[in-house]
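Since the structure comes first, as structure tokens, the remarks are kept for the end.
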Amino acid sequence: MFMSPAQVARVASSVLATILLSSSVNASPQKSSSRRATTCNGSPDLCDRSFGNVTFVGAHDSYAVGINNLATNQDYNITQQMNDGIRMLQMQTHNQSGVIQLCHTSCALYNGGPLSTYLGTVKSWLDANPNEVLSMLIVNSDDFPPTAFDAVFKSVGLDTISYAPPSASIPATQWPTLGSLIDSGKRLLTFMDAEADFTSVPYIIDEFTNIWESPYDVTTSFDCSVNRTKGDSSTQMYLINHFLDSLILGQPAPDPSQANQTNAVSGTNSLGAQFELCVSEYGRNPNFMLVDFYEYGGGSVFEVAATANGVTYSPTTPIATPIPQGSSSSSSGSSGTGSPNGAATAFSQWSSAWVVVSSAMIGAWCAL
């Protein structure tokens with residue numbers, strides 16, 4: 001049987017349409033097989049929640065690790081902190097001979113090592129925990145330009161997993177969901193208190209145009225007043241500083257003796273009480289709760305956050321336990337990154353007190 005040219009054309013057109021349809025059908029599973037996060041920061045219920053609508057527990061001076069030392073704020077290093085549930089790491093940077101160093105007020109008082117080592121640990125942890133979104137808050141004490149931080153981030157590979165927002169300032173309601181951050185691979189959000197420049201390094205985000213903070217260095221009772229901001233506090237995310245200091249020779253210093261109650265779910269001056277106070281004043285949850293000695297309270301700080309997020313706090317393994325003051329510093333679990341290094345950090349309480357006096361004389365102590 002012979003076909004006319006018109007019949008040949010119709011058959012060819014039909015065959016081509018069949019091939020295209022088959023290709024389209026076969027391609028659809030590939031599209032649907034793209035990664036879609038089903039568990040985000042430990043819960044499937046958080047995947048569709050905006051970053052600006054989640055409450056995270058943060059470690060104040062996360063690098064300042066040790067015991068029997070007035071200049072330390074945590075018992076355990078950052079790996080343990082993150083394993084236990086800390087999702088904001090706050091740090092204070094200083095210029096030591098051109099190197100970005102993690103120091104508490106001054107590198108002579110407490111030297112937590114170079115930022116590069118610290119960030120290398122963060123990168124390793126994020127690589128091992130692909131369903132976690134983490135934020136960092138950098139206190140840029142010596143006003144390094146953001147390009148200096150960019151170089152350190154690139155040296156350890158953190159630039160490739162850092163989220164860069166579409167603009168320098170974003171209202172709390174417009175941040176991406178945790179699921180989309182995980183799916184995109186941009187799971188690290190870095191905020192900086194000074195010198196951030198969106199035009200030069202967009203993934204280092206200006207803190208105070210996006211986040212306001214409550215008062216810090218509290219020695220009496222916590223409140224929810226707006227202490228620092230450069231934006232509209234009614235639309236920004238917000239952070240509550242919930243670490244209680246005691247006065248040593250007239251200067252504030254971390255106080256682990258009250259940490260169980262300070263970190264508690266309820267009661268006078270507890271984290272839960274400040275959380276509820278802030279919600280009553282602003283009608284929305286704080287986004288970040290910054291604490292000292294996070295493990296005091298047996299996980300109570302994470303329970304407050306879980307309740308705020310509408311999920312259940314049920315850790316698969318127990319969190320670290322408090323280390324009594326007076327114990328050997330070698331038992332603190334603070335070896336490795338995030339722990340003190342060098343003889344300059346081996347102060348006893350008495351020598352730390354002497355440095356407090358010296359710091360007071362030059363008007364510097366414990367600034368965030």
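Observations on the model:
- Residue check, residue 281 within 21 Å of residue 303 (Cα to Cα) and acidic (Asp, Glu): no
- Residue 238 being more than 22 Å from the chain's Cα centre (by Cα) and of a type outside the set (S, T, N, Q): no
- Selection within the stretch 82-114: residues that are in a strand (DSSP E or B) and of a type in the set (Val, Ile, Thr). The member of this set that is farthest from residue 152 (Cα to Cα) is 93.
So that you can scan it fast, the table gives a plain yes or no per residue for (1) of a type outside the set (Ser, Thr, Tyr); (2) surrounded by fewer than 16 Cβ atoms within 10 Å (Cβ to Cβ); (3) closer than 19 Å to residue 82 by Cβ:
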| residue | (1), (2), (3) |
| --- | --- |
| 133 | yes, no, yes |
| 140 | yes, no, no |
| 151 | yes, yes, no |
| 156 | yes, no, yes |
| 177 | no, no, no |
| 190 | no, no, yes |
| 203 | no, no, no |
| 206 | yes, no, no |
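- Here residue 48 meets the list (1) touching a helix residue (DSSP H, G or I) at 6+ places or on another chain (Cβ under 7 Å); (2) modelled with pLDDT under 50 almost entirely, failing just condition (2).
- Test for residue 216: is it in contact (Cβ under 8 Å) with a residue 40 or more places away in the chain, under 22 Å from residue 105 (Cβ atoms) and not in a strand (DSSP E or B): yes
- Criterion: within 14 Å of residue 123 (Cα to Cα) and of a type in the set (A, V, I, L, M, F, W, C) - qualifying residue of 153, 208, 198: 153
- For the stretch 269-282, the count of residues that are within 19 Å of the chain's Cα centre (by Cα), buried (at least 17 other Cβ atoms within 10 Å of the Cβ) and more than 19 Å from residue 221 (Cβ to Cβ) is zero.
- Exactly one residue out of 221, 233, 266 is surrounded by fewer than 22 Cβ atoms within 10 Å (Cβ to Cβ), in contact with a helix residue (DSSP H, G or I) (Cβ under 6 Å, 6 or more places away or on another chain) and assigned to a loop (DSSP other than H, G, I, E, B): that is 266.
- Residue count for the stretch 179-205, restricted to those that are touching an Asp or Glu at 6+ places or on another chain (Cβ under 9 Å), on the phi < 0 side of the Ramachandran plot and of a type in the set (D, E, K, R): 3
- Top-ranked residue in the stretch 246-260 [being crowded, with 18+ Cβ neighbours inside 10 Å and either out of contact with any helix residue (DSSP H, G or I) (no Cβ under 8 Å at 6 or more places or on another chain) or among the acidic types (Asp, Glu) (or both); ranked as modelled with the highest pLDDT]: 259
- Which listed residue, of 267, 283, 250, 272, is of a type outside the set (A, V, I, L, M) and either in contact with a Phe, Trp or Tyr (Cβ under 7 Å, 6 or more places away or on another chain) or touching a residue at least 60 places away in the same chain (Cβ under 8 Å) (or both): 250
The values are calculated or read from the model by the stated rules, or taken from the named source; none is laboratory data. Bear in mind that the values here come from a model prediction, so they are computed numbers and not experimental data. Positions of Cβ are generated from backbone atoms using ideal geometry, with glycine treated the same way; all protein chains shown enter the neighbour counts.
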